[in-house]
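Below is one structure, written out as structure tokens; comments come after it.
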Amino acid sequence: MKLGIVGTGAVGSACAMASVLRGAAREIILVDRTRARAKGVATDLRYGTPLSAATEIRDGDYADLAGAALVMITAGVNEKAGGATDRNDPAGRLRLLAANARIYEEVVPEVVAAAPQAVLLAVTDPPDPLADVARRIARHECVLSTGTFLDSLRFRVHLARHFAVSPNSVEAQVLGEHGTSSVFLWSSARIAGVPALEEIRRRGGSLDDFRRGIEREVRYANITIIEGIGASQYGIGMVCARIAEMVLRHEQAVIPIGSFQKELGVTLSLPSVVGRSGVTQVLQPALSAEERQGLEKSAETLRQALAQVR
């Protein structure tokens, strides 16, 4: 199966590398407005492909995306360049929306013209409203946002670290916006089936302090990473490669990922079944009253942001 990646900056390159290492696709096409950069990334990765599953990776123009089953769009202004690295700014990644919506207005028509059957994956920040921008331009429903899949993995990692267990033994999800209004499902967080909040109570810890600490670590993990290496790229690259596998292999795997939610009027993340055509089914999790209110607030935040670029 064929995978396209538009944009070969830090995130696009990380997506490409993770996809090669995982053997996510048989063929990978890299497209960038600077063809030499796409060629450099493809050439560099090509020399490592003998160590991975059989993968052909090369640079190309938009026309070379023809036949791609999935196209990741990573092009755009990143958080550091766009001034979205202030933990006290309630807008967070949404500050990048206007600039990156203009870039999507240029990129998406080219992608759709070359690969009209491809699932589109909005990776650029902020991915949720940009998925709505892409959906409007593409005029089809096979558009995903990376959403809160990475947030949920971060949630699991921080819970695992606190309880000194493997993240694979942790069940925990973040829903809503991939941003400052994301919703942590504490009511269903489990450590090998044991409710996380009950375990905190058993150990005599402060629930409020524990929750605030974990949420802050997860919500602003991107800023912590940017402060260290300049760009949050490797985690999202691994996430995108995994999403590519789900789509290209029609896995019907269930993850928290962004797709258009008609009843809410925007793209945001809910537990969803992912296969060849993108999200094939959305599951409705049991939510506490606080979580339900948070999800509605997250949707409203996204609606307000999207209204500014329509």
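Taken together, the values in this text are just the output of simple stated rules run on the coordinates, not laboratory data. None of the values given here were measured: they were computed from a predicted structure. Glycine also receives a Cβ, built like all others from the backbone with ideal geometry; neighbour counts cover every protein chain displayed.
Counting DSSP beta bridges in the chain, what percent are antiparallel, to the nearest 5?
Approximately 50 percent, going by the DSSP bridge assignments.
Within the straight-line cut-off of under 12 Å between alpha carbons, the aspartates and glutamates reachable from Lys297 are Glu177, sequence neighbours fewer than 8 places apart in one chain being disregarded.
For the range 2-147, the Cβ-based charge dipole about the Cα centre amounts to some 160 debye (Lys, Arg positive; Asp, Glu negative; other atoms uncharged).
If one takes the longest principal axis of the Cα atoms in the chain, at what angle in degrees, from 0 to 90 and to the nearest 10, does the Cα axis of helix 127-138 lie? So the helix axis and the longest Cα principal axis differ by about 40 degrees.
Of the trypsin sites (Lys or Arg not before Pro) in the range 82-189, the ones in a loop by DSSP (not H, G, I, E or B) with at most 12 other beta carbons within 10 Å are Arg87, Arg139. Placing R0 at 25 angstrom, the Cβ-Cβ distance between Glu106 and Thr224 gives a FRET efficiency of 0.20 after rounding to 0.05. Measuring nothing but how far apart in sequence close Cα pairs (under 8 Å, 6+ apart) lie, relative to its length, the chain scores a relative contact order of 19 percent. For the range 248-285, applying the loop criterion from DSSP together with a ceiling of 13 other beta carbons within 10 Å to the trypsin sites (Lys or Arg not before Pro) yields Lys262. Residue-wise HN-Hα couplings along the range 41-55, as the Karplus relation 6.51 cos²θ - 1.76 cosθ + 1.60 with θ = phi - 60° gives them from phi, are 5, 4, 5, 4, 5, 4, 5, x, 4, x, 8, 10, 4, 4, 9 Hz; Gly and Pro carry x. Rounded to the nearest 20, the size of the Cβ-charge dipole of the chain about its Cα centre is 260 debye, with Lys and Arg at +1 and Asp and Glu at -1.
Assigning unit charges at the beta carbon (Lys, Arg +1; Asp, Glu -1) and nothing else, what dipole magnitude in debye, to the nearest 20, does the range 106-196 show about its Cα centre?
340 debye
3J(HN,Hα) couplings calculated from phi for the range 190-198 with the Karplus curve 6.51 cos²θ - 1.76 cosθ + 1.60 (θ = phi - 60°) are, in sequence order, 9, 10, 6, x, 8, x, 4, 5, 5 Hz; Gly and Pro show x.
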